[in-house]
Amino acid sequence: MIFKRVIGEGGFFNAFHLVGTLLFVVCIQFSSQAQVKKVKVSKHQFLLLYDTVIVPQNDTIVILPKGTKYKKRRDYKSYLENKYIGYLWGQVYREEPLNLCTDDSSTACESKNPYLDHEGKYIRNIYISKLDVFGKHVDDTVYVKKKMIDKFGDALHEKTKTFVIRDNLFIKHDSIVDQNRLSDNERLLRTLNYMHDARIYVREIPSTADSVDIEVIVQDIWTLGGSINPNSINYYQWKIYDQNFLGMGQSLEYKGQLKSTLSPNLGSEFTYSKNNLFGTFLNPYFRYSQLNGGAHVGMQNETSITVGISRAIYMPTARLAGGYVFSNNWSVNTSKLKDTAFYDYEYNVHDVWGGITFSRFKRKGDEYDIITRQNRARIFFSMRYYNREFLRSADQYYARTSSIYNDQSFILGQATYFKYDYYKTKYVYGFGRTEDIPYGHSYLLNTGVEKKMDQVRYYFGANVFKIWARPTGLFYFIDVSASSFYNTVYKFQDIFLRGTGTLVTRIYNTGRWKHRFYLAANYTKIVNPQLNGTININGANGLYEFNSLTLVGYQASSMSLTANVFPPFKLLGFRFAFIALAEVAQIGSSTEFLYNNKPYSGFAAGFRTKNENLALDEFELRVYCFPNAPADVSMFKIVTLTSPRLRINIKGVGQPGIIGF
């Protein structure tokens, strides 16, 4: 009928044209089907293309151009429907970023979220507000009626100069808002040893939608401080310092020691340092010490002169780091030893290192480029040269045959892949001030050549360090390292293996009291020792304040549980934490099964205290008991400390070093 109608109305020409059109459409259809590929994907699978991930909600067919490379993978979320697997996964992996919280005393808070809504906006002006040491707080700057002693303290305190704060800002006006850069800069301000806390706020401008102002609020600590440590009736140590002399980011410190068994019985140490010289993030320092404050390699008391300068990776995307230290050190017979017992020596140390971070390289065929402002996953290449040269050597046989009293030099190269961000929390290190805890990972490889005792040895080392942070405020991290030396005579030697795991629980609240627990485990082993000796279970190697010269071996393990309980009260601004500790360690030879050896245990109780508005050191007192200690260790010991034990330090982004020794 169609052909008849067409023929009747337009003749054979119109019929031929219609048939040709139909044939063309059919050919196009077959041609398009030949150039595509149909891939069936179920709802529990996803397609991984070169730069795209396709996740279907239901069973479907995905049409791809012919020749497209893809991988079909099963979506792990289907396994998480099992409540047990889902719970376990949730404990070790965090998919979503944590939200900022207003009270972060019991939860972890990501540092960068507040700036996300303003990212990309133009920064018009940067304003700096400096709060008094006492009274107000950076989170609540409303007027607080202060006591007379607080007013007196604020009147005596020299606030940090505005130019010093600006030197420590790497956000600039006439630039744009970057959420990572703002959070990194806020964290950097808090790490300054003369800062109590800092906040950076983005202030909207009502008349301009694409521009903002930045307000930087800082609060100093009271930087004048000191401490005294009566070790015994005949032995006293003290120090006096100003961590922000004249408010210019410079530090002056004097340490003193009075020990009646020494001659002279009075010793001193002077240190000057400057933070961030001229906004370059270079930190120079000078020290003269009669208290073993230099390299101090031997068993004798040493006097030293040290000068140095350093530049750290002050934010994840910083590009350059490095440093140089020179020290001249000589032994002094303060213990009035006989000439045959006193080791008379002098040596110099030169230690220089440098590094650069990369983001990534361009694709093959292009000229490579260094990208330092985009990707927070970084590659850090660094090198270090160390040289210890004795100008005067001791004559005793042990000194001539011991590596610590002879020349040493080495050169190291290191490559680190790292990625870190930070969470704001409280009560991990201190007593309620804002703390920045890193989470992320670093993987490093280093190698080099060492010359010691006329032996040339090649060195190889590796380290894996990873930190997890949970939204509840729980942190845990692992640290696994291995290293070895090699020469043509003894082949692989001084092989060092260590694995450490630490768990920091969230803060638990019991009424107004808070408590947190720290669980740590460690295993260490040395294989084929030659020049680096044995290991022990003293101090951080096993049992704190345990100091045995007889318990040595080639493998050791330890485990400890520490409880910190924070009461709600404070005294004259000093906050307190009560401490309970239980620890156990074992040590053995390289061949025997370690856990067949005798376990040595330790228990401790005490307290620590600090006024976080002052530059005074944290004071800690513990009473230790070692029930089954060997003969050269006291069963009971009272210990006072002036620095916190726990610090979570990022690995592989500083000066390269020989792992394990």
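Taking Asn509 and the conditions (1) open to solvent by 30 Å² or more (accessible area, probe 1.4 Å); (2) within 15 Å of the chain's Cα centre (by Cα); (3) not hydrophobic (A, V, I, L, M, F, W, C), which numbered condition does it fall short on, given that it satisfies the others?
Unmet for Asn509, out of (1) open to solvent by 30 Å² or more (accessible area, probe 1.4 Å); (2) within 15 Å of the chain's Cα centre (by Cα); (3) not hydrophobic (A, V, I, L, M, F, W, C): (2).
Taking Ser560 as the residue in question, decide whether it is of a type in the set (Ser, Thr, Tyr), over 30 Å from His196 (Cα atoms), out of contact with any Pro (no Cβ under 6 Å at 6 or more places or on another chain) and touching a residue at least 24 places away in the same chain (Cβ under 8 Å).
Values: of a type in the set (Ser, Thr, Tyr): yes; over 30 Å from His196 (Cα atoms): yes; out of contact with any Pro (no Cβ under 6 Å at 6 or more places or on another chain): yes; touching a residue at least 24 places away in the same chain (Cβ under 8 Å): yes.
So Ser560 passes the test.
Any residue at all in segment 262-275 that's open to solvent by less than 20 Å² (accessible area, probe 1.4 Å), at pLDDT 90 or above and assigned to a loop (DSSP other than H, G, I, E, B)?
No.
Counting only residues that are surrounded by 15 or more Cβ atoms within 10 Å (Cβ to Cβ), modelled with pLDDT of 90 or more and not in a loop (DSSP other than H, G, I, E, B), how many does segment 392-407 have?
Summing the residues that are surrounded by 15 or more Cβ atoms within 10 Å (Cβ to Cβ), modelled with pLDDT of 90 or more and not in a loop (DSSP other than H, G, I, E, B) in segment 392-407 gives 1.
If I filter segment 437-479 down to residues being outside any strand (DSSP E or B) and either aliphatic (A, V, I, L, M) or open to solvent by 10 Å² or more (accessible area, probe 1.4 Å) (or both), which single residue comes out as nearest to Ser403 (Cα to Cα)?
Just the residues of segment 437-479 that are outside any strand (DSSP E or B), to begin with: 453-454, 470-474.
Checking the rest, the ones that are also either aliphatic (A, V, I, L, M) or open to solvent by 10 Å² or more (accessible area, probe 1.4 Å) (or both) come to 453-454, 470-472, 474.
On the way: Met453: 6, Asp454: 10, Arg470: 45, Pro471: 49, Thr472: 49, Leu474: 43 Å.
Here the residue is Met453.
Tell me which residues, restricted to segment 276-298, are open to solvent by less than 50 Å² (accessible area, probe 1.4 Å) and part of a strand (DSSP E or B).
Asn283, Pro284, Ser289
Tyr523 - would you say it is loosely packed, with under 14 Cβ neighbours inside 10 Å, farther than 18 Å from Val639 by Cβ and under 27 Å from the mean Cα position of the chain (by Cα)?
Values: loosely packed, with under 14 Cβ neighbours inside 10 Å: no; farther than 18 Å from Val639 by Cβ: yes; under 27 Å from the mean Cα position of the chain (by Cα): yes.
When the stated conditions are applied, Tyr523 does not pass them.
Specify the residue that is modelled with the highest pLDDT; the eligible residues are those in segment 176-202 that are in a loop (DSSP other than H, G, I, E, B) and over 15 Å from Met315 (Cβ atoms).
Of segment 176-202, the ones in a loop (DSSP other than H, G, I, E, B) are 177-178, 192-194.
The next check asks that each one be over 15 Å from Met315 (Cβ atoms); those that pass are 177, 193-194.
On the way: Val177: 85, Asn193: 87, Tyr194: 90.
The residue in question is Tyr194.
Taking the residues in segment 102-136 that are out of contact with any helix residue (DSSP H, G or I) (no Cβ under 9 Å at 6 or more places or on another chain) and under 30 Å from Thr505 (Cβ atoms) as candidates, determine which candidate is modelled with the lowest pLDDT.
Top of the filtered list is Thr102.
For segment 408-430, check the following and say yes or no: at least one residue is outside any strand (DSSP E or B), surrounded by fewer than 20 Cβ atoms within 10 Å (Cβ to Cβ), touching a residue at least 24 places away in the same chain (Cβ under 8 Å) and out of contact with any helix residue (DSSP H, G or I) (no Cβ under 8 Å at 6 or more places or on another chain). Lay out the reasoning, then the answer.
Initial filter on segment 408-430 (outside any strand (DSSP E or B)): 426-430.
Okay, now just the ones that are also surrounded by fewer than 20 Cβ atoms within 10 Å (Cβ to Cβ), so 429-430.
From what is left, the residues that are touching a residue at least 24 places away in the same chain (Cβ under 8 Å) are 429-430.
Filter once more, so that each one left must be out of contact with any helix residue (DSSP H, G or I) (no Cβ under 8 Å at 6 or more places or on another chain): 429-430.
Within segment 408-430 (the criterion being outside any strand (DSSP E or B), surrounded by fewer than 20 Cβ atoms within 10 Å (Cβ to Cβ), touching a residue at least 24 places away in the same chain (Cβ under 8 Å) and out of contact with any helix residue (DSSP H, G or I) (no Cβ under 8 Å at 6 or more places or on another chain)), the answer is yes, since at least one residue qualifies.
Can you tell me which residues in segment 172-216 are open to solvent by less than 10 Å² (accessible area, probe 1.4 Å) and of a type in the set (A, V, I, L, M)?
Val177, Leu182, Leu189, Met195, Ala198, Ile200, Val212, Ile214, Val216
Pick out, from segment 481-545, the strands (runs of 3 or more DSSP E) lying fully within it that include 2 or more residues that are under 16 Å from Ser590 (Cβ atoms) and in contact (Cβ under 8 Å) with a residue 40 or more places away in the chain. I'd like the intermediate steps shown before the answer.
Numbers: elements: 491-504, 508-510, 513-527.
By residue number, 491-504, 513-527.
Filtering segment 335-389 down to residues that are modelled with pLDDT under 70 and among the acidic types (Asp, Glu), which residue is surrounded by the fewest Cβ atoms within 10 Å (Cβ to Cβ)?
Glu367
Out of the residues in segment 137-157 that are acidic (Asp, Glu) and in a helix (DSSP H, G or I), which is modelled with the highest pLDDT? Don't jump to the end; show me each part of the working.
Let us first name the residues in segment 137-157 that are acidic (Asp, Glu), namely 139-140, 150, 154.
Those still in the list that are in a helix (DSSP H, G or I) too: 150, 154.
Details: Asp150: 72, Asp154: 75.
Ranking the candidates gives Asp154 first.
May I ask you to list the residues in segment 552-571 that are surrounded by fewer than 17 Cβ atoms within 10 Å (Cβ to Cβ) and either of a type in the set (D, E, K, R) or over 17 Å from Glu620 (Cα atoms) (or both)?
Scanning segment 552-571 gives Val552, Leu561, Pro568, Phe569, Lys570.
What number of residues within segment 229-261 satisfy the criterion of being part of a loop (DSSP other than H, G, I, E, B) and either touching a Cys at 6+ places or on another chain (Cβ under 9 Å) or open to solvent by less than 30 Å² (accessible area, probe 1.4 Å) (or both)?
Applying the first criterion (part of a loop (DSSP other than H, G, I, E, B)) to segment 229-261 yields 233-234, 243-244, 248-249, 260-261.
So of that shortlist, the ones also either touching a Cys at 6+ places or on another chain (Cβ under 9 Å) or open to solvent by less than 30 Å² (accessible area, probe 1.4 Å) (or both) come out as 244, 249.
Residues flagged as part of a loop (DSSP other than H, G, I, E, B) and either touching a Cys at 6+ places or on another chain (Cβ under 9 Å) or open to solvent by less than 30 Å² (accessible area, probe 1.4 Å) (or both) within segment 229-261 amount to 2.
The values are calculated or read from the model by the stated rules, or taken from the named source; none is laboratory data. Worth saying up front: this structure is predicted, and the values here are computed from it rather than measured. Cβ coordinates were reconstructed from backbone atoms using ideal geometry, including for glycine residues, and neighbour counts include every protein chain displayed. Remember, those area values only see protein heavy atoms, side chains included, never the ligands or the DNA or RNA. Shrake-Rupley method; radii C 1.70, N 1.55, O 1.52, S 1.80 Å.
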